[in-house]
Every structure is written in C-alpha cells, then in structure tokens.
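This report refers to the structure that appears directly beneath it.
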Amino acid sequence: MTKQTKEYIAFWIFRILSFIVLAILIWILYFIFVRGWHMLSWDFLTKMPEDGMTKGGIYPAIIGTLYLVAGSMLFAFPIGVLAGIYIHEYTNDSKFKRFMKLMTNNLAGIPSIVFGLFGMSLFVKTLNFGDSILAGSLTLGLLALPVVIRVTEEALIAVDDSFRHGSLALGASKLITIRKVVLPIAMPNILTGLILSIGRVSGETAPILFTVAAYFLPKLPTSIFDQVMALPYHLYVISTSGTKVQESRDMAYGTALVLVLFVLILNLLANALRRYLGNKVKMN
Amino acid sequence: MKRKFKQFTEKLIEGLLLISGSLTSITVLLIVIFLFKEGLGLFTTSPMENKNVIVVNKLNPVEHLTAGQIKKIFDQEITNWKDLGGKNDTILLFTINDLSNYFSEEEIGENFEYLPEKLNSIVDSIPNLLAVYTDKYLVKELKGKIVKVDKNNIPDFILGREWFPTAEPAVQLGVLPLILGTLLVSIFAILFALPIGIATSIYMAEVANERVRKILKPIIELLAGIPSVVYGFFGLIVIVPLIHDTFNLPVGETALAGSIVLAIMALPTIITVSEDAIRNTPRSMKEASLALGANRWQTIHRVVLPYSMSGITAAAILGIGRAIGETMAVLMVTGNAAVMPHSLLQPVRTIPATIAAELGEAPQGGVHYQALFALGCILFILTLLINIWVEYVSSKQKFKK
Amino acid sequence: MNKIESKNVHLYYGDFHALKGISMSIQENTVTALIGPSGCGKSTYLRLFNRMNDLIDNVRIEGDILLDGRDIYKKNIGMRIDELRKKVGMVFQKPNPFPKTIFENVAYGLRVNGIDHRSFIEERVETSLRQAALWEEVKDKLKKSAFELSGGQQQRLCIARALAIEPSVLLMDEPASALDPISTSKIEELIYELKTKYTIIIVTHNMQQAGRVSDRTAFFYLGDLIEYDDTPVIFTNPKDIRTQSYVTGRFG
Ligand SMILES: Nc1ncnc2c1ncn2[C@@H]1O[C@H](COP(=O)(O)OP(=O)(O)OP(=O)(O)O)[C@@H](O)[C@H]1O
Ligand SMILES: [Mg+2]
C-alpha cells in the first residue's frame, strides 16, 4: 500500500468516526425535540402536575430549578471570582499556587454524588438546615465553585501583562489595577464561563437528591428552608420510579426537552455574549 | 484619617480574597472529614441488625462467627457445626418465629414475661442449637453462651461478594460486585469512546477545514452541556430496548447499556482535551516532517500523536474519572443488580448508583448509612488517584517542551 | 543550466501582496544568502521552493518556479509534492527535532519515503551525522531522546536529518539565529563544506554571516527583490542606495 493510499484510508476513517459523533448528537436531539415538541405549551410550563404527574405541567420543577440556580450562583460566583483573582493575581509563590490549583482540580474531579453525600451530612444534618433550598444551593454552589474559579483564572491569564504594568506604572495600587483595568477586560470571558456553569448546575441531579429535591410538592416554596421540586430530578422520577411510568412518558419527553432547551439557550447566550462584549472591549 | 480607612479596606479585601482562595482547599478537607467520619464508623460497628444476639449451648466450642457465616447458616448452606469449627452435629436454627414449635402461648405468658427464662432453658437443654434473638430477652444468669459476631472490617468490606445491606439478622456488606460493576461499565465506556473520540479530535485539529470545524465545535460543546439525566432518559428509552431486542435478552438494562451511554457522555471530554493537546504540537515540528517528504497522515501518526500522547492519555484518564463518578445515567440504564458481573449483557450496579438509590432509605447513623458513606470514601479515593494520575501525566508534558 | 529559477513570482496572503514579482536564478553548488529587514518576505520566498506555503490557507501564488528545469507548481508535469520535498531539504530557525531518539530523527525522512532496509538506514544515518559534524558527539547515545542534546547539537541534528534523504537543495531559514557564537561558527563551517554537494539558500539577519558563507546575495525590501549580485559586490559596491544603507546597518 502506498503512503497516499494509507493517508486516504486514515482520513476517511476519521471523517466517518467524526460523523458518527455528529450523528449521535443529532439522534439525541432529534429524539428529544420530535417527541417532546408537542408537549411544549404555556400550560405545560405554568401549571402544577396533575393525576400523579401524568398530566398538567412542570411549573414547580421549573421554579425549583431557578431557585437552586440562583442560590448556588449567588454563592459560587462572587467567591469563585474572588478566589480566581487571588490565585492568579496574588499568589507569587509558585508552590502555593500549584497547591491551590491542585486543590481546585481535585474538587472539580470529585463526583457529584459525593457532593450529595457531603451536602447531606454537613448542611442537612450537622448544620440542621434540613432538606431545603439553602442546603441544595450550597451543595450545588460548592460543585460549581471550581468551574467558576477556573473560568476566572483563564480569563485573567488572557489579560496581557502590559495592561497591569501600564496601570501600576501610573502609581495605581494592585487592587485598583485589578478593579479598574484587569477585571473589565476579563469580564466577558468570566461571564461566558458563568453562563456555561449555570447550565451545568441546572442539570445536576445527584447533589440535590438528598439535600433538597422533592418527589412531588403541590405548592411553591415560601422560604429558603423549604424543599422544592427540580427539573432533572423530576425527569428521573417520572421516567423511572413512578407507578405510572408509561402514562407519564409524554411528560418526561416534555421535561427533557425543557432541560435541553435551557442548556441550548445558555450556550447560544454565552456565544452571543462572547462576541458582543468581546467586540466592545476591543473598540475601547 | 481617610488614608487609614483606605488602607484598612484594602487589607480587608485582600483578606476576603485569601479566604475565598482557600475555600476549595477547605471544602476538600471538609469532604474528607465528613465522608470518612461516617464511613470509617462502619468498621467499629457490628453487622447484626436490631441488637440481635446469637446464643448457643455452653458446651459448644464455637466462639465467634462472621456476617457471611451467619448468612450461610440462614440460607442453609452451612448446616453442620463442624464447618464452623465445632463438633460434628447439625445446626438447629432457632429464631423467635420458631417459638410456637417449642412452647405454648401460656408458657410464654401474655406479655412475653416468661420468654427470657424459656429461651434460657432451651439454650441450656439443646446442645446443637443456634438461637438468634434481641438482647432485651437476655437474662442475667445466662446458661448458654453468647457467640461474638466479628465487626465489619475493611478486607471483608472490599472483598466481600454479597451486598445485602438490610438483610436480617446480619447485614452483608461486600462491595466487590459494586466495585467491579463500576470498573466494568467505565472501562468499556472508555474502550468505546476512546477510538471515536481520538479520531474526532484528530479530524478536528488536523484534517477538517475551517467550515466543518465551525459546525462540529459548538455541537460538541452542546453535547458536553446536556444533563446526565437526559442521557439516562435517552438510554432508557432508546438504548435499553435496542439492546433488549438485538441480543434477545430478558432485560435490556445491562452493563452494556451503561457503557454505551457513558461512552456518549465521555466523548466531549475526550475530544476537547485531546484536541487541545494535538493543537499544542509546535507548527515547526509538523513543518519539519512535511519538509522531509512525509504526507499529512505520516506527520500525524509519527510526529503529532507521539508529541501529544501525554495530553491524549490525560484525556483518556479524565474520561475514566468522569465515567466512574457518573450517577444518574448509569442508575437509569444498568438494571442495578448487585451481583458479581460476568458479562456485559447482564444487569450490574455501580458505586454511585448504589449510593443514589439507597441513601434515601437508610436510617441516619445505621450500618447501612455508614456503609454508603464508606462507598463514598472508595469513590473519593478512586477519583483522587485519577486526579493525581492526570496531574502527573500532564506535568510530564510540560517538562518535555 | 540553472539549478533553480524563479520567474516573476507573486505571492498573496489573502489581500496582502507579500512578494511582488521576484525573478532570480540560482546556480548549482552555490550558497545564496537572502537578506533584508524583518517582514520583507525572505522566509516567504524561501518557503516557495519546497511548497511550504501551500499549508497556509488563502495563499495565492503566481509566476513560475523551476527546479532542474521542471515547474514545481504545475501539477501535470509529474513532480509530486513529496518528491519535491525529497529533493529540497529545509532547516528551520529554531531547532525542531522530533520527540524521538537521535537515530530515529535522522532516519525519519528515509522511513516516511518508504525505505525500511535496516543496514541501509544505519549507514545513511551515520553518513548524515558525519556530514553534519555531529557523529563523534552522539555516536554513543543514538538511542537517547533528541531533546537531551544542546541547542547547537539539535540544530546540527536537524541538518543531518535534512541531509539523510540526499536532497540536492538545502533551504536554511536563519539556522543560527537561536544559537550561541560557537555553535554558530560550527554551522557556518558546515555550510561551507556542504556547498560542494548541495545548492544552499540561506536566510540571515547577520551581515557578517552572509558575507562569510555566501557566493551570491539577494536583498529584499517590502516584497521586492531590490538587488541580486555576487556577495562581495553587494557588501562593498551595491548599486541601490537602499541596499547600501541596509548592509551598512543604517536601517533594519
Ligand atoms: N501566514 C501568513 N499570513 C498572512 N501574512 C503573512 C503570513 N506569513 C507572513 N506574512 C506576512 O508576509 C510578510 C513577509 O513575511 P516573511 O515571514 O516572509 O518575512 P521575513 O522577511 O522572513 O521576516 P523575518 O526576518 O522577520 O523573518 C510579512 O509582512 C508578514 O506579516
Ligand atoms: Mg523569516
């Protein structure tokens, strides 16, 4: 076989395998969109579940997920950004920095079910928050923390040192330099990362199983110490453990579609933001 | 005054930064503490449920039993004291349920007030008896002998082949089937995903033109963002029936279904990480190869792949780590039978799925609860080792440059 | 006959006109130096001879380049790109050995061109390393990684690697700019010796180097070939004022 033939064959194998990946994704999306599309209606999004969750809507699960996303981001975003700034801008000692990065990577590598165990043991039991939005948000927040830190770090690395030196040379303090010069440049990337981590948090199930998620709740939460329903857990419940698994199939398709749409919209938003803010920074 | 205030706020903010920066380390530490406090607690407790004790005749030489032996006695796999180191005599099993075979209701008393004495007497009179009852029926001057039950211990926990965490009278906490189930599903997932993932990353980094790449890239990002329950749902509705029909099995929920779903989920990680590694190959190195008359494929497999091998290895290890820790999708499609896995076409149960499925029913502080935390510890250690491995592999890459 | 001939060559990177009608001919077994300020198109021109620019998207090339009288850019004339690259070796600015052993680095060009006869490869590796004046230094560690060599040794390894497939032309793009003075002079000696067997084109920013090693020198400026003549003429008696101010160091 000549080397040209080998190249030809190899490249075609790559091409075919890549298109298999493409086909798998399209298959999954097609399956969820086609079967879930007819479920999507205003009622589905804004009504309570009825008849043992075989009819009605998924309103409480949507609200629950929104609460959890908001709660966890309220925790993870400020702390994660501050931590990212600290690790990238303040640690000069490379050993210490390596240690911090190692810990962040370790935290990121811990499986989500372990976060669930930990969240239950610390927030639900030891701190006595009970199964609650508070416990669930904190657990999800810890899970999102390494993601936010990494995003922040990467955004800061992308800021050229000349900006820092320029500002410091003008006599500005380190803190002012970071606030007035570095952060504004890094912000678009940080925000995109943030949006993508929202997508991650909103789909997590294992960490909320034992910290907040309710099988079925006929009412909306009134305080942060209430349990809530959540979209991913709802999908799990109605597709596996209900007594009427077959009857609630359509509800499951609808819920899966809402979850996927949520992630899709966040992805599009992140890309749009990246482009929009990216241009703005360049123009200044 | 104003200056002092400014300095103060600067110090304050720097303190805040330090605290935030340390939070990941603190969290990892707390996770270790909470996980291992509960998990290691398991190894100080007895596998006997509901304060049951085992009482035998005084002359019986058997001093202690393991949880596994107790189960075998109850399953009548062990029927002779000889097998337990005693005399050659059949074992006569006695539980509270057998009471009516020995005594009338009057003899026991309306409120079981004579029961402890009666139990004491039959233990005394029947030499080959093995009686199991709760410790509140023990009397002060016991004529029989209490057989000690070995505490839960790490070797039995890890090497035990039976997982019946709520069995009576002694729970069976062998996690070997769960560990093997986890590894089986994850390793096959990687075997499926790795060739496809690496091929796609090579295609995207070295072969495809800009237009194709612009289509593939966001799609792979989306694939990475889809929640694992959705993959589980897809697996449940599409892959499971497919396997059921293709292989003509009684159930489609099998290790194979888990591996396929995990493989799909691992693809984005593998593709992105190894594509980055491949792109990191210096341009000049590729040019040198082409300038020597190599074609693109020769350049890829003789120069680019060897150069980016550590990055690709890191991608594979990361993928395994993700697969081992994945909970929901696996829980939904693998059938969750806690038996030693023999083939891919059989239901299996993984560690994360076990925790997710059982923690809700395990009473806090009980043996079962502690056992699930101990499983969490195993999972934590596994993923920690994988993380260290990844760090090691990718630090080697940096050194090379 | 001229070894290499370029006739009115234009090159565009997208809209950017990087080479503006370059015509020049190069004789066999000579050393030609390409000089000129940064960004004037020296590397671009050099990379035309082994079609390295083909790798870049959006490149458009006009004009003819002949090697031994055959047009290397005309498809139907029968010279495949890998055949061309076997005849035209290249040494890059920074040493860029492969992540392989010293031996495998030199053997690479043979292997990818379908040669796998062991003793033949061994023989050729040794000859090439000797030609590159590296044999004595590495003969005991051929199985070691090429990354263990010093920068100067790595660059000579890259030269040996290029020589192993017995090209007739050797392109060198600032081959000594990343090296210390001792390694640099070794490379220069090498070029002088290789001249008897190869036609060499070298890009350099170092005027003394161009003066020492080359027979002919071409001065490029903003994509134009300003002046091309015997090296002593360029350095002592240039016709163009721009050449003169460049070689005397008045701009750069
Ligand atoms: N891949 C490319 N795409 C677009 N423009 C390019 C590309 N490569 C080079 N150029 C441009 O073409 C011009 C000539 O570049 P070239 O690398 O040939 O210069 P050079 O004379 O070798 O400079 P130096 O001495 O700095 O190496 C430069 O203006 C450069 O910006
Ligand atoms: Mg150049």
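Derivation of every value follows stated rules applied to the coordinates shown; laboratory data play no part. All values derive from a computational prediction rather than experimental measurement. Because the Cβ atoms are built from the backbone with ideal geometry, glycine has one as well, and the counts that use them run over all protein chains shown.
Based on every Cα atom in the protein assembly as shown, Rg and the maximum pairwise Cα distance Dmax equal 36.5, 133 Å.
For the protein assembly as shown, the residue among C:Pro97, C:Met172, B:Phe5 whose Cα projects farthest onto the positive side of the dipole built from Cβ charges is C:Met172. Note on chain B: helix-only mean residue ellipticity at 222 nm, from DSSP H runs of 4+ residues weighted -39500 (n - 2.57) and normalised by residue number, equals -19000 deg cm²/dmol. Of A:Met103, B:Thr313, C:Phe120, which is farthest on the positive side of the dipole of the protein assembly as shown, counting Cα position, with +1 on Lys and Arg Cβ, -1 on Asp and Glu Cβ, and the Cα centre as origin? So the residue furthest toward the plus end is C:Phe120. By DSSP, the beta bridges lying fully in chain B are antiparallel in about 65 percent of cases.
Contact order for region B:176-400, expressed relative to its length and based on alpha carbon pairs under 8 Å spaced 6+ residues apart, stands at 29 percent.
Partners of B:Lys136 within straight-line reach, counting lysines whose Cα lies under 18 Å from its Cα and excluding those fewer than 8 residues away in the same chain: B:Lys51, B:Lys118, B:Lys145, B:Lys148. Each residue of region B:176-400 gets 137 Å³ once the volume of the Cα convex hull is shared out per residue.
Summed over qualifying helices (DSSP H, 4 residues or more, each -39500 (n - 2.57)) and divided by its residue number, chain A shows a 222 nm mean residue ellipticity of -22500 deg cm²/dmol. Inter-part distance, region C:88-124 to region A:84-145, computed on C-alpha centroids, equals 51 Å. With 10 Å bins beginning at zero, the pair-distance distribution over Cα atoms of region C:1-43 amounts to 24, 48, 24, 4 %.
When +1 charges are put on Lys and Arg Cβ atoms and -1 charges on Asp and Glu Cβ atoms, the dipole computed for chain C relative to its Cα centre reaches about 340 debye. Size descriptor for region B:219-319, Kirkwood hydrodynamic radius: 16.0 Å (Cα pairs only, one decimal).
Only lysines eight or more places from C:Lys3 in sequence, or on another chain, were considered; those with a Cα closer than 25 Å are C:Lys20, C:Lys42, C:Lys74, C:Lys75, C:Lys86, C:Lys87, C:Lys195, C:Lys197. Pairs of lysine residues in region A:40-283 that meet both criteria, 8 or more places apart or on different chains and Cα atoms under 18 Å apart, total 6. Hydrodynamic analysis of chain B uses the Kirkwood radius over alpha carbon pairs. Inserted into Stokes-Einstein at 20 °C and 1.002 mPa s, it gives a translational diffusion coefficient of 83 µm²/s. Here the protein assembly as shown is assigned +1 on the Cβ of each Lys and Arg and -1 on the Cβ of each Asp and Glu. Its dipole about the Cα centre then comes out at about 3420 debye. Remark: region B:176-400 carries a charge dipole of roughly 960 debye about the Cα centre, counting +1 on each Lys and Arg Cβ and -1 on each Asp and Glu Cβ.
Helices in chain B that qualify as membrane-span-like (whole DSSP H runs, Cα extent of at least 20 Å along the helix axis, mean Kyte-Doolittle hydropathy of 1.0 or higher) are B:176-202, B:255-279, B:305-325. Summary value for chain B: 19 percent relative contact order, contacts being C-alpha pairs under 8 angstrom separated by 6+ residues.
Exposure here means at most 15 other Cβ atoms within 10 Å; with GluC sites (Glu not before Pro) in a DSSP loop as sites, the longest stretch of chain B lacking them is B:142-401.
Here region B:301-365 and region B:253-291 have alpha carbon centers that stand 18 Å from each other. Find the relative contact order for chain C and round it to a whole percent, using C-alpha pairs within less than 8 Å whose residues are 6+ positions apart. Relative contact order of chain C: 27 percent.
Alpha carbon centre of region C:13-34 versus region A:38-75: separation in Å? Taking the Cα centre of each part, region C:13-34 and region A:38-75 sit 69 Å apart. Legend: Rg and Dmax of region A:117-221, from Cα coordinates, 19.3, 61 Å. Working note: 222 nm ellipticity from helices only, DSSP H runs with n ≥ 4, each -39,500 (n - 2.57), summed and divided by the residues of chain C, gives -10000 deg cm²/dmol to the nearest 500.
Exposed loop sites were defined as trypsin sites (Lys or Arg not before Pro) in DSSP loop states (anything but H, G, I, E or B) carrying at most 16 other C-beta atoms within 10 Å; in chain C the longest segment without such a site runs C:1-73. Averaging over all projection directions, the Cα-based convex hull of region A:40-283 occupies 15.2 nm² in the image plane. The angle between the Cα long axis of helix C:181-194 and the longest principal axis of the Cα atoms of chain C comes to about 90 degrees, rounded to the nearest 10. Cross-link check: pairs B:Lys37/B:Lys396; B:Lys286/C:Lys94; C:Lys94/C:Lys144 evaluated at a Cα-Cα cut-off of 25 Å; pairs beyond the cut-off: B:Lys37/B:Lys396. What angle, in degrees between 0 and 90 and rounded to the nearest 10, separates the Cα long axis of helix A:133-157 from the longest principal axis of the Cα atoms of chain A? So the helix axis and the longest Cα principal axis differ by about 30 degrees.
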